[in-house]
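The next block holds one structure in the form of structure tokens; read it before the comments.
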Amino acid sequence: MFAFITRRIIQAVIVMLIISFIGFTIKHHVGDPVRELVGVSVKASEREALREKLGLNDPFFVQYKNFLKNAVKGDFGISYFFKKPASQVILEKAPATLELVFASSILIILLSIPLGTYCAIKPKSILSRLIMGMSIVGVSIPVFLTAIMLIFLFAVNLHILPSYGRGDTVPILWGMWDTGFLTLDGLKHLILPVIALSSIMLPLFIRLIRAEMMEVMQTEYIKFAFAKGLSKKRIWFVHAFKNTLLPVITVGGVQLGIMIAYTILTETVFQWQGMGFMFLEAVERSDTSLLVAYLMFVGVLFVVVNTIVDIIYGFINPKVRISGTK
Amino acid sequence: MMEHLLEVNNLEVKFKLRTGGLTAIDKVGFTLDKGERLGIVGESGAGKSVTGFSIINLISKPGYISDGEIIFEGKDLTRVSEDVLRHIRGNRISMIFQDPMMTLNPVFTIGEQMAETILAHKNISRKDALEISVEKLRQVHIPSPETRLNQYPHEFSGGMRQRIVIAIALLLDPAIIIADEPTTALDVTIQAEIMELLLELCEKNETGLILITHDLGVVSQVTEKIAVMYAGRIVEIGSTENIVANPLHPYTRGLIKALPGSRGTGEKLYQIPGSMPNLTEMPKGCAFHPRCELAEGECFTTVPELMQRGNFRRLAACHKV
Amino acid sequence: MDKWKKFKESYFLYSFLRDPVAIVSFVVFVFLVLASFTAPFTAPYDPYDTTTISIMDSEIPPVWLEGGEKNFVLGTDSQGRDMLSTMMYGMRVSIIIGIGAVLLQAFLGVVIGLLSGYIGGRVDAFFMRLADIQLSFSTLMVAIFISAIFQTAFGVGKYSEYAVPILVLIIGLAEWPQYARTVRASVLGEKEKEYVEAAKVIGFGSRWIMFRHILPNTLSPVFVISTIQVANAVMSEAALSFLGLGMPVTKPSLGSLINLGFEYIFSGSWWITIFPGILLIVLVLVVNLLGDWLRDVLNPKLYKG
């Protein structure tokens, strides 16, 4: 098990290095940091001096090394638009996105497990067909469209939910984190974005759980469980469930990546002041420091989450736990 | 009239397919007494496994029992409620499947899989259930059984896994064990061991055994009665001794002839010409006639009934015998 | 004639004709494709021709609402373009990019998958690691990133000019891992099979074995994922256009139209966003439904009855 964890962590570090390399290459080739910092009205000679000072004339790998050194310290340069260090901007915006993702994940887990299991156990029932039918429709509607339609229905027409922003937030964790969970207004603002963000992932998970569980139900060991005279409840909710969980966890980890991409779309529609919205603005303004910082942050997030998911999988799957290999 | 432990009469199993209905087994009947060992022999697709599964109604959809009765301990298992059936499975009638790696759930320990079987039928403490499990593991000759309880299926060899499966089958001291090709998936060297173990335990506990296999050689050494199946029907049934010494049905004769060793060393192995028909394309009349050297007249038009032939308690389905 | 007869009697056609959902989806899909590709002839207006557009016509509601005009059946957008025509042209762009991108991804993915699976070793490790990274970032993210870089590098003007091929390239590059993985899995499975050993013994070269023997056997799963990938590609393009990273406002796709119209739902001109939205959903839905049906047909589980 220990060997397994160590190997996963090493792989994580390698992936991070590759991501950082890509990020740095982007930063190096796109945009002009000097222009971002001081604008066009500065004299050419002063700009040249600045370039020298910033080390922009050094060879590629020297610059890369410096980049890495700074990155590890959390320094990604200055966002020329916000006039603040890029990392600071991200840390300010991160809570908004993380809360959105967290709330959506909870919703997805709470709904997909019972619905998916039900559809697997009673595939021909009317409810199952309905759920599967809605799943296909759900998957066919792009996330931003769901968001727009939700706003159109609930905010513009029915006026019962707000249409943009996070609402009132309360600072916690020594002021580092502005949360929307603790105010009624914040929670109200959370509802539509969370529904929108979950709307594509939920059907996916329902179908996944249903498919996996149906496959498990066809196995010999489930048949043997019936032959042993075990009760249906035990067979479904203990045996089949645990076996279904394994592949679902693996896929679940990967879906997080897709969720982060969807936050960009959702935050844009709801003017949600999170990292996704910030990213889009950074693109429009060619704010490369911010872009690269976002890439690195998201990269770290993925790698960490995927590694944790892999490790959890390792704990649950006895084949991995005992022998240390997959 | 002595009451049998298990009596199967006129059993018929159909499969409902998109393209129509299919009869998998037809007019299958046999009896089993306490401690008796019956072998059901035939090639793949003859319907032996379907017969085995249907006794405890484990046939997967779209198969279903369409006719017949299965009388066990005073009840007709084809008409009894699912609840009653559940309490018979694993408890009064156990089953052993072919491949022990697929039979045991890979994510649960052996101990859990054994204890849950007992706890599903008896209201005792988990500790007691585990103790019984240890005892049964000992009976199947698994060394240091107490420590083995916490291990997972993949940590055992193929032969050991099948022993565990046998132990699970014996947990509640059933009256009958149905073994569906219990050694086919194992190494040849282990096969004999497992068969011997099964035999030993059945004899000791007076457990009835229904051994389903394609291996006539094994059956001739382990069982007291044999039922030979072909294309979904029993074509011959009788005591093992009689059938092996003097087979009546041409198919059975072919099987005995095909056993290595029956022709002496250096001789070419015998093979029954042709192959068993697909259940969707059954020939008219006797299903075996395309491969039978005795076939003529009636054989092409009428399906032969399983009837008493000769003096001894023997039944065969053939017009020519 | 023979092939047609074979098709008519095939399980493929049989199953299709028995499935009402598949038939309806197919009909709708054909209708949409025809409508969009005959747009230059059948659309009431040409939305790219700036001489026919007048700002005075902007934000006219659909014909059945108060203020609507017979000329503009579904109303007009903020620039005065006829919604119906713009949507038809926009759908054409969406479909072209969708199919184009899938062709590119399929080509890339199949080639890489074949090489990766057959050659193995470092080549395999490299490509699969790359695929893993791309997949975990999610293809949408990768697409957004690549388009962001392209836009910053080429400038918005040039980007808009070549938007269609650029988008095909971006979405194609973002989504090849799916294909590569599927094909590689098939190749790994087929590699072990006896006919490959036999071919090697006979003396066929690697490339020959790969393309003539292994490839045909791996194509079935490729077809299955292709329909879903078309739906995904259309959605990706819509997302990119919505974010402003896709089709420009002068030659809008359905996504750009939705983006354009979004702010107007607050001021009452909801049709600018909602109509293209509905059309997009219908398009993606029918492709998904067809894909689902195709998957069921190509992987028959006999006892589904």
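Do the conditions hold for A:Val156, that is, is it closer than 30 Å to C:Trp293 by Cβ and either at the interface with another protein chain (Cβ under 10 Å from one of its Cβ atoms) or assigned to a helix (DSSP H, G or I) (or both)? Here the answer is no, as A:Val156 does not meet what is asked.
Can you name the residue in segment A:152-169 that is touching a residue at least 12 places away in the same chain (Cβ under 8 Å) and not hydrophobic (A, V, I, L, M, F, W, C) and, of all such residues, is nearest to A:Leu182 (Cα to Cα)?
In the first step, residues of segment A:152-169 are kept if they are touching a residue at least 12 places away in the same chain (Cβ under 8 Å); the result is A:154-155, A:161-169.
The next check asks that each one be not hydrophobic (A, V, I, L, M, F, W, C); those that pass are A:162-169.
Numbers: A:Pro162: 17, A:Ser163: 19, A:Tyr164: 18, A:Gly165: 16, A:Arg166: 12, A:Gly167: 11, A:Asp168: 9, A:Thr169: 7 Å.
The qualifying residue nearest to A:Leu182 (Cα to Cα) is A:Thr169.
Of the helices (runs of 4 or more DSSP H) that lie entirely inside segment A:247-326, those containing 2 or more residues that are within 30 Å of A:Met214 (Cβ to Cβ) and within 8 Å of another protein chain (Cβ to nearest Cβ) span A:288-316, A:318-323.
Taking segment B:127-156 as the search range and keeping residues that are of a type in the set (Ser, Thr, Tyr) and touching a residue at least 24 places away in the same chain (Cβ under 8 Å), which one is nearest to the other protein chains (Cβ to nearest Cβ)?
Quick first cut of segment B:127-156, residues of a type in the set (Ser, Thr, Tyr) only: B:133, B:144, B:147, B:152.
Filter once more, keeping what is touching a residue at least 24 places away in the same chain (Cβ under 8 Å): B:133, B:152.
Working: B:Ser133: 13, B:Tyr152: 4 Å.
Among residues in segment B:127-156 that are of a type in the set (Ser, Thr, Tyr) and touching a residue at least 24 places away in the same chain (Cβ under 8 Å), the one nearest to the other protein chains (Cβ to nearest Cβ) is B:Tyr152.
Cβ-Cβ distances below 8 Å connect the following pairs, each with a first residue in segment C:154-167 that is within 18 Å of C:Gln105 (Cα to Cα), a second residue that is of a type in the set (Val, Ile, Thr) and part of a helix (DSSP H, G or I), and a separation of six or more residues or different chains: C:Val164/C:Val93; C:Val164/C:Ile96; C:Val164/C:Ile97; C:Leu167/C:Ile97. Taking only segment A:212-246 into account, find how many residues are part of a helix (DSSP H, G or I) and within 12 Å of chain B (Cβ to nearest Cβ). So the answer is 23. So which residues in segment A:116-150 are farther than 24 Å from C:Asn232 by Cβ and either part of a helix (DSSP H, G or I) or within 14 Å of chain C (Cβ to nearest Cβ) (or both)? Matches in segment A:116-150: A:Thr117, A:Tyr118, A:Ala120, A:Ile121, A:Pro123, A:Lys124, A:Ile126, A:Leu127, A:Ser128, A:Arg129, A:Leu130. When you look at C:Glu66, is it part of a loop (DSSP other than H, G, I, E, B) and on the phi > 0 side of the Ramachandran plot, yes or no? No.
Taking first residues from segment A:74-87 that are under 14 Å from A:Leu295 (Cα atoms) and partners that are assigned to a loop (DSSP other than H, G, I, E, B) and modelled with pLDDT under 75, the Cβ contacts under 6 Å between residues at least 6 apart in sequence or on separate chains come to A:Ala86/A:Phe76; A:Ala86/A:Gly77; A:Ser87/A:Gly74; A:Ser87/A:Phe76. Against the test of being at pLDDT 80 or above, within 20 Å of C:Ile274 (Cβ to Cβ) and either hydroxyl-bearing (Ser, Thr, Tyr) or not in a helix (DSSP H, G or I) (or both), the options C:Leu84, C:Leu74 yield a single qualifying residue, C:Leu74.
Exactly one residue out of C:Gly291, C:Gly246 is in contact with an Asp or Glu (Cβ under 7 Å, 6 or more places away or on another chain) and small (Gly, Ala, Ser), and it is C:Gly246. For segment B:219-239, the set of residues classified as surrounded by fewer than 21 Cβ atoms within 10 Å (Cβ to Cβ) and touching a Leu at 6+ places or on another chain (Cβ under 9 Å) consists of B:Ser220, B:Gln221, B:Val222, B:Glu224, listed by residue number. Listed conditions (1) under 24 Å from B:Ser157 (Cα atoms); (2) modelled with pLDDT of 90 or more are all met by B:His121, apart from (1).
Which of the residues belonging to segment C:41-56 are free of Cβ contacts under 8 Å to residues at least 24 places away in the same chain and either surrounded by 12 or more Cβ atoms within 10 Å (Cβ to Cβ) or of a type in the set (Ser, Thr, Tyr) (or both)?
So in segment C:41-56, the residues free of Cβ contacts under 8 Å to residues at least 24 places away in the same chain come out as C:41, C:49-52.
Selection gives C:Thr50, C:Thr51, C:Thr52.
Scanning segment C:253-270 for residues that are at pLDDT 85 or above and away from chain A (no Cβ under 11 Å) gives C:Ser253, C:Ser256, C:Leu257, C:Leu260. Applying a threshold of 6 Å to beta carbon distances and a minimum spacing of six or more residues, or different chains, the list of pairs starting in segment B:13-29 at a residue that is in contact (Cβ under 8 Å) with a residue 40 or more places away in the chain and at the interface with chain C (Cβ under 9 Å from one of its Cβ atoms) and ending at one that is surrounded by 19 or more Cβ atoms within 10 Å (Cβ to Cβ) and not β-branched (Val, Ile, Thr) reads B:Phe15/B:Ala24; B:Phe15/B:Gly63.
Pairs are defined by a Cβ separation below 8 Å, a sequence spacing of at least 6 or placement on different chains, a first member in segment A:19-40 that is farther than 10 Å from A:Ser289 by Cα, and a second member that is modelled with pLDDT of 70 or more and not in a helix (DSSP H, G or I); the pairs so defined are A:Val30/A:Ser286; A:Leu37/A:Ile78; A:Leu37/A:Tyr80. When the residues of segment C:271-282 are filtered to those that are within 7 Å of another protein chain (Cβ to nearest Cβ) and not hydrophobic (A, V, I, L, M, F, W, C), the one that is nearest to A:Pro162 (Cα to Cα) is C:Thr273.
Do you know which residues across segment B:73-112 are part of a strand (DSSP E or B) and more than 8 Å from chain A (Cβ to nearest Cβ)? Step through it out loud before you land on a result.
So the first thing to find is which residues in segment B:73-112 are part of a strand (DSSP E or B), and the list is B:75-76, B:89, B:93-96.
Those that are part of a strand (DSSP E or B) and more than 8 Å from chain A (Cβ to nearest Cβ): B:Lys75, B:Asp76, B:Ile93, B:Ile96.
Can you go through A:Ala96, A:Ala147, A:Ala120 and tell me which one is crowded, with 22+ Cβ neighbours inside 10 Å, in contact (Cβ under 8 Å) with a residue 40 or more places away in the chain and in contact with a strand residue (DSSP E or B) (Cβ under 8 Å, 6 or more places away or on another chain)? Break it down stepwise before answering.
Numbers: A:Ala147 fails: in contact with a strand residue (DSSP E or B) (Cβ under 8 Å, 6 or more places away or on another chain); A:Ala120 fails: in contact with a strand residue (DSSP E or B) (Cβ under 8 Å, 6 or more places away or on another chain).
When all the criteria are applied, what remains is A:Ala96.
Residues of segment B:89-106 being under 15 Å from A:Ile235 (Cα atoms) and either buried (at least 18 other Cβ atoms within 10 Å of the Cβ) or in contact with a strand residue (DSSP E or B) (Cβ under 9 Å, 6 or more places away or on another chain) (or both), which ones?
Going through segment B:89-106, the residues under 15 Å from A:Ile235 (Cα atoms) turn out to be B:89-90, B:103-106.
Hits for segment B:89-106 are B:Arg89, B:Gly90, B:Thr103, B:Leu104, B:Asn105.
Against the numbered list (1) in a helix (DSSP H, G or I); (2) touching a helix residue (DSSP H, G or I) at 6+ places or on another chain (Cβ under 7 Å); (3) in contact (Cβ under 8 Å) with a residue 40 or more places away in the chain; (4) of a type in the set (A, V, I, L, M), B:Ala169 comes up short only at (2). None of B:Met95, B:Met101 is within 30 Å of B:Glu241 (Cα to Cα), touching a Gly at 6+ places or on another chain (Cβ under 9 Å) and in contact (Cβ under 8 Å) with a residue 40 or more places away in the chain except B:Met95.
So for segment A:204-211 (the condition being under 30 Å from B:Ala115 (Cβ atoms) and within 14 Å of chain B (Cβ to nearest Cβ)), does at least one residue qualify? Within segment A:204-211, not a single residue is under 30 Å from B:Ala115 (Cβ atoms) and within 14 Å of chain B (Cβ to nearest Cβ).
Here are some residues: A:Ser112, A:Ser104, A:Ser125, A:Ser87. Which one is exposed (fewer than 14 other Cβ atoms within 10 Å of the Cβ) and not basic (Lys, Arg)? Going through A:Ser112, A:Ser104, A:Ser125, A:Ser87 in turn, the sole match is A:Ser125.
Every residue, every condition in (1) in a helix (DSSP H, G or I); (2) under 20 Å from A:Ile18 (Cα atoms); (3) within 11 Å of chain A (Cβ to nearest Cβ), yes or no:
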{"position": "C:Ala131", "(1), (2), (3)": "yes, yes, no"}
{"position": "C:Leu135", "(1), (2), (3)": "yes, yes, yes"}
{"position": "C:Ile144", "(1), (2), (3)": "yes, yes, yes"}
{"position": "C:Ala174", "(1), (2), (3)": "yes, yes, yes"}
{"position": "C:Val183", "(1), (2), (3)": "yes, no, no"}
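Scanning segment C:199-222 turns up no residue that is among the polar types (S, T, N, Q), without any contact (Cβ under 8 Å) to a residue 60 or more places away in the chain and within 14 Å of another protein chain (Cβ to nearest Cβ).
The values are calculated or read from the model by the stated rules, or taken from the named source; none is laboratory data. Given the structure is predicted, the values throughout are model-derived calculations rather than measurements. Quick reminder, even Gly has a Cβ in these numbers, built from the backbone with ideal geometry, and neighbours come from all protein chains shown.
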